[in-house]
Structures are given as structure tokens and as C-alpha cells.
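What follows is a set of notes on a single structure, which appears directly below.
We did not get these values from a lab; they are worked out from the coordinates using the rules stated. Remember, predicted model here, so these are calculated numbers, not experimental data. For neighbour counting, all protein chains shown are included, and Cβ atoms are generated from backbone atoms with ideal geometry for every residue, glycine included.
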Amino acid sequence: MGIVKFVKRKRRFLLVLAAVVVLGYIGANLLAYTLTYKPEACLACHIMKPYYENWKASTHNKVGCIDCHPYRPGTIVL
């Protein structure tokens, strides 16, 4: 009986671990998508302040950057 319990516990542990990894990956992608979808995200890692301010003051301020630029936000590639 000891071996059967060990195998069942190990299987359960691996299933829980796989679920945690998959949910973590999905959560990280959702977070990355929501953070990169906003035009303000460009200010975090680029020297984009003058361009952002110009866009914000323009008549195009209702159109997001990714609507014109060929960038797919939020996908984390392993």
C-alpha cells in the first residue's frame, strides 16, 4: 500500500504544479497585455516623453499607439 499512496501523492502534486504554472502563465500574459495596451506604457521603458506629450495634445489622442503601430501587446514568449 505504501507505493500506491506515494504514486497518488506524486501524481496529485504534479497536477497541482502544472495547474499553478498554467494559471501563472495566463495571469502574466493578462497583466502584460493590460500594461502594454495603454499608451502610458511606452513612457516606462523608452525615451518617449516628448512624443507622448505631442500625441496627448493632438487630435489623435483618442487613438492608441497600437492602433497604428504594428505591435502586438502583452504576449510573453517562452
- Task: Kindly establish whether Leu30 is surrounded by 10 or more Cβ atoms within 10 Å (Cβ to Cβ) and within 18 Å of the chain's Cα centre (by Cα).
- Result: yes
- Task: Only residues in region 21-46 that are touching a residue at least 40 places away in the same chain (Cβ under 8 Å) count as the first member; pair them with residues that are among the aliphatic types (A, V, I, L, M), Cβ under 6 angstrom, at least 6 apart or cross-chain, and list the lot.
- Result: Ala28/Ile76; Asn29/Ile76; Ala32/Ile76
- State whether the residues of region 7-19 include one that is in contact (Cβ under 8 Å) with a residue 40 or more places away in the chain, surrounded by 10 or more Cβ atoms within 10 Å (Cβ to Cβ) and out of contact with any Asp or Glu (no Cβ under 9 Å at 6 or more places or on another chain). no
